[in-house]
Amino acid sequence: MVRSAGSGGKTVGLIGFATLLWLVATMLLGSFSARAQTLESVEDYPDVVDARVTTTPDRARLIIDLDGPTEFAIVSLDNPNRIAIDVKAFDLKILAPADPAGKGIVRGFKVEMAEKGRARTTLELEAPAQVQQAYFLEKVADQPARLVVDLIPDTAQNFAEKVASDLAMSIANQGAVPVVASTDPGTHVPITETRPLVVIDPGHGGVDNGASAPNGVHEKNITLTFALQLQRVLIDSGRFDVALTREDDTYLTLNQRVDLARLNKADLFVSLHADSFQEEEIRGASIYTRDENATDVLDKVLADGENRYDIVAGFAVPQSTPAVMDILVDLMRREMRKSSFLAAQAIVHQLEPSVTLRKFPVRQADFFVLQAPDVPSVLVELGFLSNAADIANLQKSDWRDRTVDALARGIAEYFTQNQQLAAAP
Ligand SMILES: [Zn+2]
C-alpha cells in the first residue's frame, strides 16, 4: 500500500496471514475451555440461571449458575477498577442480580448480555484484587453447572500490572492497536500535528471483476476511478493522509484489505462498491456498517455474495471473526462500531442533498471487509449495477464529481465531530 502525498511517510507493508495467526493465537490464549467438548454454535450455549457474589475484606467469591457447560475468560480493567468475566451463554434467565452479600473487596456487580452468545459479569472493586482461582463445575444431581471465581486482595501496583498485561495479551492476540483513552489529564500527551489516515478500498480488482452491468462495465473499474478521485479531493483538502488498498487492477483478498488498514493504523476505512441486486428497481447510494444481523434479507444476500468473492477468485473462505472470549477486544470492537456508525451517518448527511439515496441509507450487514476491531469501517454502495439509472450515473463524470465531493465532505464532517467530542469536557 502506498501512502500518498503530504504524508509523514508512515509506510508499512502487508503482512500475510496476520489475520490467520491472530485467530489461532486468540483461540490458544484467549479462552479457557471448560472441557474438551466445544460449543459450536450459539444454540449450544447454556443459559445463565443465577449469579451471586459474597464478599469480605479478605476474599470474594462469584458463582454463576448455568444449565450446561461453557467456556470463560477473565480480564482486569481500571478506571474504575473492575474484573470482568465473560461466559459463552445463550441467554440470561435471571432477574437483576442482588447486591453482593457482605462488605469487602467487591462493591457491586452486574450481569448482562455483552453480545449474542456472550454474558458478561462485571465486578466493581472496592480495592485492588486478583483472581486467586477460577474453575468450572459440571452439573451434579440437583446442582446446576457453575463457574466459580475467587478473588483475594492485591496491591495497587500488581493490579495495574495485571491490567497492562491483559491489555498486552489482547493486543498480541489481535495484532490490534490499543485504543485506550487516557483518563488522567495530568499524563495526557499533547497531540502533535498529525493528519488522520483515511484508507480507501476500491472493491474487487484483478481476476475479481465484482458486479458487471449489461453493457460490460465492471464494478472493479468503477470503484477504482471513484477511489482515485476521492483520494485526490481528500489530499487537496489538506486535512488527511490518504492511502488506497490498491491503485491499479490488482486482486486483494478481503483479509488483506482489512490487514492493510489495521497495520497502518488507519483512522477510517472506506470500502467502495457498486454491486448488483436481484431486484433491478433498487437504486441509489447507501452506507453499510458491520453487523451480524443485516438490516433486511436483501442486505444479507448482498453481504453473503460479497463475502464469497474470495472463493470465486480461488482463495480460501474468508473467516468471519469468531466469538472469541477476549473481553478487551470486544470492548474495542464495540467502540469501533459506534464510530463506524457515526461515520456512516456523517457521510449520508452530506450525500443526501447531492445524490439519490436508498430508503434508510444507513444500513447494516455482515461484510467481512468491515471486520477490523480497531479501525472504524464503512462500506459505500455508490449505486447498483443492476439498475439502469444507477449504471448511467456511475459512468457520468459530473455525477462522480458530485458524489466524490459529498463523500469527502462526509468524511471531513465525521472527523470534525470526533474532534469536538474529544475536546468536550
Ligand atoms: Zn462489490
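The values are calculated or read from the model by the stated rules, or taken from the named source; none is laboratory data. Given the structure is predicted, the values throughout are model-derived calculations rather than measurements. Every residue, glycine as well, gets a Cβ built from its backbone with ideal geometry; the counts of neighbours run over all protein chains shown.
A few remarks follow.
- Contact annotation: residue pairs with Cβ atoms under 9 Å, 6 or more positions apart or on different chains, pairing a residue in segment 279-290 that is at positive phi with a partner that is in a strand (DSSP E or B), are G284/L357; G284/R358; G284/K359; G284/P361; G284/E381.
- For segment 258-278, filtering for residues that are in contact with a strand residue (DSSP E or B) (Cβ under 9 Å, 6 or more places away or on another chain), of a type outside the set (S, T, N, Q) and within 12 Å of the ligand (Cβ to nearest atom) leaves 4.
- Residue within segment 393-403 that is within 14 Å of the ligand (Cβ to nearest atom), in a helix (DSSP H, G or I), farther than 23 Å from R334 by Cβ and touching a residue at least 60 places away in the same chain (Cβ under 8 Å) present: yes
- Test: I74 is among the aliphatic types (A, V, I, L, M) and modelled with pLDDT of 90 or more: no
- Criterion violated by R283 - all others in (1) within 22 Å of P373 (Cα to Cα); (2) touching a helix residue (DSSP H, G or I) at 6+ places or on another chain (Cβ under 6 Å) satisfied: (1)
- Selection from segment 89-132 of residues that are charged (D, E, K, R) and out of contact with any helix residue (DSSP H, G or I) (no Cβ under 8 Å at 6 or more places or on another chain): D91, K93, D99, K103, R107, K110, E112, E124, E126
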